[in-house]
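Inspection log for the structure reproduced underneath, given as structure tokens.
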Amino acid sequence: MDASHLAAAEHPRVRFERVLAELRNHHFAVLSTVDEDETPHAAGVTYGTAYAGRDLVLYVMTRRHLRKARDISRNPWVALVVPIEHRVLRFLPPATIQLHGRAEILDWTDDAGTDVFRGFWLGRRILAAYQTAQRRGETRICFLKIVVDPVITTYMMGVSAWELRRRMERGAARVLVPTDQPPPVPVIEHEHVPTARLAATLSHTRACRPVRRGNHRPAC
């Protein structure tokens with residue numbers, strides 16, 4: 001991630017917690033894929049969200065012969081836009097959450113995908129419909145698992161219509177997906193000092209510190 005992404009990664013009024021809540025409360029997105037000839041394709045999909053402190057993952061249930069699944073089998077990179085309708089000013093265009101990531105095709109019996117779709121009403125209806133289709137001989141059912149890139153873009157979230165009227169750029173923000181991975185241990189590129197020698201050096205340094213009481217200091 002470059003410095004410009006890091007600098008813009010935290011909008012003061014858009015936090016990851018809010019983005020995650022909106023993703024979990026909504027289940028419709030526009031999924032964009034590209035085929036082997038670099039021809040783009042977009043389709044509306046129903047998705048479910050999974051996040052446990054590391055990767056943000058979206059699941060989509062579909063069938064392998066459909067265009068989006070065929071594209072992903074050749075080119076796994078995808079983009080999604082999730083529209084977030086305004087609760088009061090419904091005549092305004094919706095706010096959006098814009099995502100990029102890498103997709104893979106999983107069997108329709110995948111436990112994680114199934115658990116996610118069981119977690120919301122429409123997901124349970126979709127699961128039931130595909131289970132019925134499978135009993136009738138449908139063998140192409142699958143999940144799309146999309147691991148979202150760590151930088152999410154939003155527009156019109158946490159910004160009033162008045163602010164947007166004055167400056168349209170204030171509507172855009174970038175949000176980082178937090179992870180539970182510990183920060184890397186810094187590498188000190190100095191001469192290696194063995195532990196015993198380091199302890200002796202520190203002890204010697206402390207013994208040489210000036211004593212503020214009186215006019216004496218220990219000899220080194």
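The values are calculated or read from the model by the stated rules, or taken from the named source; none is laboratory data. Everything numeric here is computed off the predicted structure, so don't read it as measured data. Glycine also receives a Cβ, built like all others from the backbone with ideal geometry; neighbour counts cover every protein chain displayed.
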Quiz prompt | Pair list, Cβ < 8 Å and 6+ apart or interchain, from the stretch 44-56 residues that are under 18 Å from Leu66 (Cβ atoms) to residues that are polar (S, T, N, Q) | solution = Val45/Thr62
Exercise. Please work out which one of (1) among the acidic types (Asp, Glu); (2) under 16 Å from Phe28 (Cα atoms); (3) modelled with pLDDT of 95 or more is the condition Asp111 fails and give its number.
Key: (2)
Exercise. Hey, can you tell me all the residues within the stretch 132-146 that are touching a strand residue (DSSP E or B) at 6+ places or on another chain (Cβ under 6 Å) and surrounded by 15 or more Cβ atoms within 10 Å (Cβ to Cβ)?
Key: Ile141, Cys142, Phe143, Leu144, Lys145, Ile146
Quiz item: Which of (1) in contact (Cβ under 8 Å) with a residue 12 or more places away in the chain; (2) over 21 Å from Leu80 (Cβ atoms) does Pro94 not meet, given it meets every other one?
Solution: (2)
Quiz prompt | Any pair with Cβ under 7 angstrom, 6 or more apart, that starts in the stretch 67-83 at a residue that is in contact (Cβ under 8 Å) with a residue 60 or more places away in the chain and ends at one that is part of a loop (DSSP other than H, G, I, E, B) | solution = Val82/His26
Self-check item: Unique residue being out of contact with any Leu (no Cβ under 6 Å at 6 or more places or on another chain), small (Gly, Ala, Ser) and modelled with pLDDT of 95 or more when the list is Ala52, Ala42
Solution: Ala42
Exercise. Give me the pairs, please: first residue somewhere in the stretch 14-32 and among the acidic types (Asp, Glu), second residue anywhere and crowded, with 16+ Cβ neighbours inside 10 Å and not in a helix (DSSP H, G or I), beta-carbon distance under 7 Å, and either six or more positions apart or on two chains.
Key: Glu22/Ile84; Glu22/Ile97
